[in-house]
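Got a structure for you, written out below as structure tokens; questions coming shortly.
A short reminder: the numbers here are calculations on the coordinates, not readings from a lab. None of the values given here were measured: they were computed from a predicted structure. Using ideal geometry, Cβ is built from the backbone for each residue, glycine included, and neighbour counts are taken over all protein chains shown.
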Protein chains: 4
Amino acid sequence: MGSIFGELFRISTFGESHGGGVGVVIDGCPPRLELSAQEIQKELDRRRPGQSKITTPRKETDTCQILSGVFQNQTTGTPITILVPNKDTRPQDYQDMAATYRPSHADATYDAKYGYRNWQGGGRSSARETIGRVAAGAIAKKILAQFANVEIVGYVKRIKDLEAVVDANTVTEEKVESNMVRCPHQECAQQMIDLIEQTRREKDSIGGVVECVARNVPKGLGEPVFDKLEADLAKAVMSLPASKGFEIGSGFSGTLLKGSEHNDPFYTDDNGNIRTRSNYSGGVQGGISNGENILLRAAFKPTSTIGQAQETVTSTGEATELSAKGRHDPCVLPRAVPMVEAMVALVLCDHLLRDRAQCHIFPETAGESTESNKF
Amino acid sequence: MGSIFGELFRISTFGESHGGGVGVVIDGCPPRLELSAQEIQKELDRRRPGQSKITTPRKETDTCQILSGVFQNQTTGTPITILVPNKDTRPQDYQDMAATYRPSHADATYDAKYGYRNWQGGGRSSARETIGRVAAGAIAKKILAQFANVEIVGYVKRIKDLEAVVDANTVTEEKVESNMVRCPHQECAQQMIDLIEQTRREKDSIGGVVECVARNVPKGLGEPVFDKLEADLAKAVMSLPASKGFEIGSGFSGTLLKGSEHNDPFYTDDNGNIRTRSNYSGGVQGGISNGENILLRAAFKPTSTIGQAQETVTSTGEATELSAKGRHDPCVLPRAVPMVEAMVALVLCDHLLRDRAQCHIFPETAGESTESNKF
Amino acid sequence: MGSIFGELFRISTFGESHGGGVGVVIDGCPPRLELSAQEIQKELDRRRPGQSKITTPRKETDTCQILSGVFQNQTTGTPITILVPNKDTRPQDYQDMAATYRPSHADATYDAKYGYRNWQGGGRSSARETIGRVAAGAIAKKILAQFANVEIVGYVKRIKDLEAVVDANTVTEEKVESNMVRCPHQECAQQMIDLIEQTRREKDSIGGVVECVARNVPKGLGEPVFDKLEADLAKAVMSLPASKGFEIGSGFSGTLLKGSEHNDPFYTDDNGNIRTRSNYSGGVQGGISNGENILLRAAFKPTSTIGQAQETVTSTGEATELSAKGRHDPCVLPRAVPMVEAMVALVLCDHLLRDRAQCHIFPETAGESTESNKF
Amino acid sequence: MGSIFGELFRISTFGESHGGGVGVVIDGCPPRLELSAQEIQKELDRRRPGQSKITTPRKETDTCQILSGVFQNQTTGTPITILVPNKDTRPQDYQDMAATYRPSHADATYDAKYGYRNWQGGGRSSARETIGRVAAGAIAKKILAQFANVEIVGYVKRIKDLEAVVDANTVTEEKVESNMVRCPHQECAQQMIDLIEQTRREKDSIGGVVECVARNVPKGLGEPVFDKLEADLAKAVMSLPASKGFEIGSGFSGTLLKGSEHNDPFYTDDNGNIRTRSNYSGGVQGGISNGENILLRAAFKPTSTIGQAQETVTSTGEATELSAKGRHDPCVLPRAVPMVEAMVALVLCDHLLRDRAQCHIFPETAGESTESNKF
């Protein structure tokens, strides 16, 4: 019972790799927002398999239908249902895996927990489940953009040991989308692509780091003490398949600095806005956005599915060997970029609604962040 | 409205640094558990200020009272309230800060969000708030120990660039508690203590990494797809003051490996249990515990409060300079250890109840994890 | 954002009268439960329009599809999605109502709240939304039956001033289903049918009372102090379209008795079970089930849609007159019976899981209700 | 785990009849609201025991302390904790009841559920628990009054068969508080008082009906389809001790009318507001407030505690007899009035925040209810 996310902009994803389809129900979307299936499709196309030679060759158009909650291209405030039927399913590819546990996959733990699982293509644990998240994220992005021109840009920061230098303050989605690995540093991107292709040839896999920036985020988002903005961002990102780590701002490397180096000095800019000179905080202080760019990073492990033979056991515990036959990505990073963006958008949108509900009911009790960009 | 944590073992913390006190209400604790204030006090003593020369000199005994939910030393299943009145409050120390924003603290963001704040000692954003968490965590720990001998051991893994080699499989709380910095590697611990003392003399601060292991965790805990065990652990840890990063298992460094290196091969041990040879997964696969040790790390930034003069602004935006006068820790790591343990315990306990509720109602529908340690 | 119900057996309904379809996502269903679309269809057929001459003539087969969460006829523990596409939609019937507010309908309030609405057939406020509830309720019923032979039987107790004498301890679903009005008292049922037909001819509508009994409910269900069993039952029933009142046990008429008459004396029966001699409590004491039959009643107002001309206004406030043209029921009671049963089943199932989670983790801390039927 | 209520204005009550005290933590209160302990005390005084000769003689001043969340008489937006220590406890009065189940009380069901209970004075099932609700309700009332001059007035409508005629549109709190039974019809009030006194002399108890009106409620509150305003009001009221029934608007008696009689015709008033001529709907249509007065009734059973000897059993099932010795009310109605008002205020306040969050983020997507009183 963990398939619902968000407090006010609440999404409920459903579906498995093989079966009737995957999708999402969104409860709490503001009414009278213009919305078309095409806008959602645009984000789904960035996530879909078979989009380039470095992703899985599974052929899914991932065409979405809006079943409810939108009337004559406007949201009605009632639950929005988005369905993507499954098409190119090949259960026979997974027949071996019905009885054999794939190392570092969820086969064994799903059996341990539920005593039963849909083994076709990983069932519910397939990354195909993220379609619902990306669809809902597209709507969250639109709300944020409309509310305050919030821009969320994710990109591949590192593939294995190939790290790109990227300026988070200026990077654009266009730049990110200009190559198939979604790294805005063109030269580095080509090296990454080469490395992924070589890895595929070796029947192996690799991982890396996605970085994501959110710009123009209103001050005041985040609900201490448990639902701090970074806490909910961490949960959101760590709920994505294959993620093993999360950082905000200076993250782990910030622990090598002294307080006198790490603290972000305040100053007042020419427009009278209180700003910070550095941004080691990553746009969040005390669990609440401070108006600076929110900057986070997520670690994704090398794909568990590899073509090489691996030691494993059957569901009854007998030793055996396994070489993956199903279609898969040698590196999840390029397709993880829209997933991370979606999760960031969902968290920010949910917190926007939560902040308005508590702190902006009365003009006289509202933080000043409503009226201006000042603290 | 973010002061409630957990779905079934649900805690609600309250209180500020200065004022009537801090504490917690726990809703959903199983009944008929033996419980005394002393057991809770033991954990609070590990968290309290003034416990050693490397922590803040604020003198608080942090003596807890159980106001409800326990009758004749047994829990009744009704809400347990634990209150710790504040004693050694010195609001005058913070008078300067009423109008001046401390860099990298929550003063400015609380003003931006709420338009008003209790500026005495940081108010709600003070780490004093974690008393409620540690108290609740003590109960969660006891439930886990009683259910399955779960052991949760946290320790300081790194202070700035001083990193200790620790065997997570064998480290004990006794070892951790044997020195004031809570690093089980004695030699390294002494260097850490020296560094912290030197840093205090320099009116500066430092950060580091806490590592935490949970052993004997039952298989099957975690609720995909959003409430995966690692996702909820990430949120829990990232909601602690000063945390900037979270990792599970191989974490960020795992992204430097290939899939063929990173995958954890399955085998059946001499007792017939399905195990993994390595544990890059950190005890969690597909968001669900697999029975191996859960291993995680949290990055804590250098304390924001430092004695050195810093550039900042007043609440009305005028440039000024600030040197902290209030009592503070030059390094939060030693006191963060019981906090991390508490958050891990709260997540595991909550997920234990959630797993039982869905997957163990019917003997015939239960995962096999009920009956044995096998998958 | 109010389309999610339940804490552990959590349902999320979606869909409007006209549009892609209606349905439900169920998160938290126990795994390894046998389940087929036919079982769900059986309950939907009791709810569907056009089932008899006294219901609306809208022709919908309401054929359901299971899109996810069930694999080879067993639940997997992952979200179950059930979709019923809309077929016999006639938006043109409602064209007039796009601009005119139907009295005592939700047209005006939806406009007031959302500023926009899908006016076709009432959109989200159509009773067609309850399809998702009834589908989910069919699964909840099965779980309850399998767990403890719980039987839930609803029936029409009263239509306008025609009240039937029914023995709640012995009434069966077969008896209820033996006539189209769903009143188990055959003679009274015929009078009710006649009255409904006469009312339809008069272009008017009538209401009444549905009574529902739940037998074999385990002791111990209910979560004081807010989620008392009767409180959640009240909410569940009062969330159904057209409901205006709720009673449990003696209800409103119990207020005419003295305590010495109303109290239910305890005794021990021949099997050693503690029972109550009377059941004015309606199976719930202190918010918790006591093992006696749970007995509740719900008042449903006369259908708002009537063929007679009525005074009303347009959405811009101009006075006008309206006579309904759309297809509608002259009395909702017969079709409300399966809805009430579904809501009762959903509450009981959710509370069953909640009770197990908190109170049955440890054998030594469990109430004795686990092991036997004794207190 | 049912001691938390509300989604955004979220309260967590704690405490038992005997023990450290009772109280509440409120998470989500808007910041910068002026608030003093005296304002809360005023409502607690209406609820406290010993206030008149027709209530229980237990002597509790119920003096409240604000432990957190308020700084210099203004709310800070952080959790507000209100504690009322217990004073006049007499556990010895309840010693008999440790082993004997009081008929129609929660003793037996608490044992069945939790396997253990605090038997002193009813423990958690004591109506003393409602102190936390009334305290939180006082704050909710203030927010509603400040936001839109919402007035919530409850009163005793009926005691046993003595029913008062009251005009809900004009009744005032002053009138209600002018006599000890809280019935605004003075003549009827005196009869009620006489009846209660006579009942006490007979060692018996009686029940009745509380009616409550909420005036000036903004249009648009309520979250279909499950969290309809009447559904949440029903849950709130039915979670109060001794409540057995709930009605809104025409309630059960409305089922005796025809649709042509029951529908509330719309018209536009002289100020251009869309209104309804009658108010059988009770201020709610389709689960959403329509701006008319919200009118509801709650049935309270005769107090379970009576001085007469009653048949019952011990906790081990042996037959015995019981005559109550503890202090108790012969009729809960007068003290239930502030409880009902509190629950209504809590629901309306929570829904106000929820409505603002979803439907008033964007001026262009807001329902018109923001700008004016029109639909």
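Give the distance, in whole Å, between the Cα centre of segment B:307-357 and the Cα centre of segment A:239-311.
Between the Cα centre of segment B:307-357 and that of segment A:239-311, the gap is 16 Å.
Divide the volume of the convex hull of the Cα atoms of segment C:4-370 by its number of residues and quote the answer in cubic angstrom per residue.
Details: hull volume 56.6 nm³, N = 367.
Each residue corresponds to 154 Å³ of Cα convex hull volume.
Sticking with this structure for a sec: So what's the gap between the Cα centers of segment C:1-40 and segment C:98-157, to the nearest angstrom?
For segment C:1-40 versus segment C:98-157, the Cα centre distance is 12 Å.
Separate question: What area, in nm² and to one decimal, does the C-alpha convex hull of the protein assembly as shown cast on average over all directions?
Working: hull surface 194.5 nm².
Mean projected area of the Cα convex hull: 48.6 nm².
Name the residues whose placed amide hydrogens come within less than 5 Å of the amide hydrogen of residue C:310, ignoring near sequence neighbours (fewer than 5 apart) on the same chain.
C:322, C:323
Starting from a label point 7 Å past Cα on the Cβ side, list the distances from residue B:146 to the same position in the other copies, nm, shortest first.
Between copies, matching label points for residue B:146 lie 3.1, 4.3, 5.2 nm apart.
Still on this model: Residue by residue through C:115-122, how many Cβ atoms from other chains fall within 10 Å of the Cβ on average? Please list the in-between numbers first.
Working: counts 18, 11, 6, 8, 1, 1, 0, 1.
Average per residue, whole number: 6.
Also: Per q in 0.18 1/Å, what log10 I(q)/I(0) does a Debye calculation on the alpha-carbon atoms of segment D:40-102 return?
These q points yield log10 I(q)/I(0) values of -0.81.
As a quick test, which of the pairs D:141/D:175; C:87/D:219; A:42/C:87; A:113/A:235; A:141/A:244 have an alpha carbon distance above 23 angstrom in this structure? Intermediate results must be reported in sequence, preceding the final value.
On the way: D:141/D:175 18 Å; C:87/D:219 34 Å; A:42/C:87 29 Å; A:113/A:235 21 Å; A:141/A:244 25 Å.
Table pairs above 23 Å Cα-Cα are C:87/D:219; A:42/C:87; A:141/A:244.
Another question about this same structure. Size of segment A:209-262 along its principal axes in angstrom, Cα-based, largest extent first?
34, 29, 23
Further question: Where does each of D:269, B:232 land when they are ranked from fewest to most other beta-carbon atoms within 10 angstrom?
By the 10 Å Cβ count, ascending: D:269, B:232.
Based on DSSP H runs of at least 4 residues, each adding -39500 (n - 2.57), what is the mean residue ellipticity at 222 nm of the protein assembly as shown after dividing by all its residues, to the nearest 500 deg cm²/dmol? Mind dumping the intermediate values first?
Values: 32 runs with 400 residues, N = 1500.
Mean residue ellipticity at 222 nm (helix-derived): -8500 deg cm²/dmol.
Using amide H atoms built in the peptide plane, which far-off residues or other-chain residues are under 5 Å from residue B:285 H to H?
For residue B:285, whose amide H was placed from the backbone, the distant partners under 5 Å are B:290.
Using the 10 angstrom Cβ neighbour count as an exposure proxy, how do C:227, B:194, C:107, A:161 rank, fewest first? Write down the numbers at each step before the final one.
On the way: C:227 23, B:194 13, C:107 27, A:161 10.
If I rank by nearby Cβ atoms, fewest first, I get A:161, B:194, C:227, C:107.
Could you give the semi-axes, largest first, of the ellipsoid that matches segment C:220-340, computed as the square roots of 5 times the alpha carbon gyration tensor eigenvalues and rounded to whole Å? Write out the running numbers ahead of the final one.
Numbers: eigenvalues 347, 40, 39 Å².
For segment C:220-340, the ellipsoid semi-axes come out as 42, 14, 14 Å.
Between chain A and chain D, with a rotation axis joining them, whose C-beta in A is nearest that axis, and what is the whole-Å distance?
Residue nearest the A-to-D axis, with distance in whole Å: A:357, 2.
How crowded by other chains is A:262-272, given as the mean number of beta carbons from other chains within 10 Å of each beta carbon?
Numbers: counts 12, 15, 5, 9, 16, 5, 6, 1, 0, 0, 1.
Mean number of neighbouring Cβ atoms from other chains: 6.
Loop-only trypsin sites (Lys or Arg not before Pro) in segment C:96-195, please: DSSP not H, G, I, E or B, and at most 15 other Cβ atoms within 10 Å.
Details: sites: C:113, C:117, C:124, C:128, C:133, C:141, C:142, C:157, C:158, C:160, C:175, C:182; in loops: C:117, C:160, C:182.
When the trypsin sites (Lys or Arg not before Pro) of segment C:96-195 are filtered for loop state and at most 15 Cβ neighbours within 10 Å, nothing remains.
Step through the residues of segment D:312-320 one at a time and calculate ³J(HN,Hα) from phi using the Karplus curve (6.51 cos²θ - 1.76 cosθ + 1.60, θ = phi - 60°), rounding each to whole Hz and writing x for Gly and Pro.
7, 10, 7, 5, 9, x, 7, 5, 7
Then there's this: Which distances, in nm and shortest first, link the residue A:270 label point to the same label point in every other copy, taking 7 Å along Cα→Cβ?
Label-point separations across copies, in nm and ascending: 5.9, 7.5, 9.6.
Looking only at other chains, what is the average number of their beta-carbon atoms within 10 angstrom of each beta-carbon in A:312-319? Please report the intermediate quantities before stating the final value.
Values: counts 7, 7, 3, 3, 4, 9, 1, 4.
Going residue by residue through A:312-319 and averaging, the value is 5.
Right, here's the next one. Between residue A:203 and residue A:36, what's the calculated FRET efficiency when r is the beta-carbon distance and R0 is 25 Å? Round to 0.05. Before the final figure, lay out the partial values.
Details: r = 42 Å, r/R0 = 1.67.
The formula returns an efficiency of 0.05 here.
Return the distance in nm (one decimal) between the two label points of a simple spin-label model at residue C:96 and residue A:253, each offset 7 Å from Cα along Cα→Cβ.
With each label placed 7 Å out from Cα toward Cβ, I get 7.1 nm.
What are the nm distances, shortest first, from residue A:88 to its equivalents in the other copies, labels at 7 Å along Cα→Cβ?
4.2, 6.7, 7.9
Moving on to the next point. For segment D:64-74, just list the computed ³J(HN,Hα) in residue order, Karplus coefficients 6.51, -1.76 and 1.60, θ = phi - 60°, integers in Hz, with x standing in for Gly and Pro.
9, 10, 9, 8, 7, x, 10, 10, 6, 6, 9
Same structure again: Got a sec? How would A:314, D:312 order by Cβ neighbour count within 10 Å, fewest to most?
Working: A:314 16, D:312 25.
Ascending number of Cβ neighbours within 10 Å: A:314, D:312.
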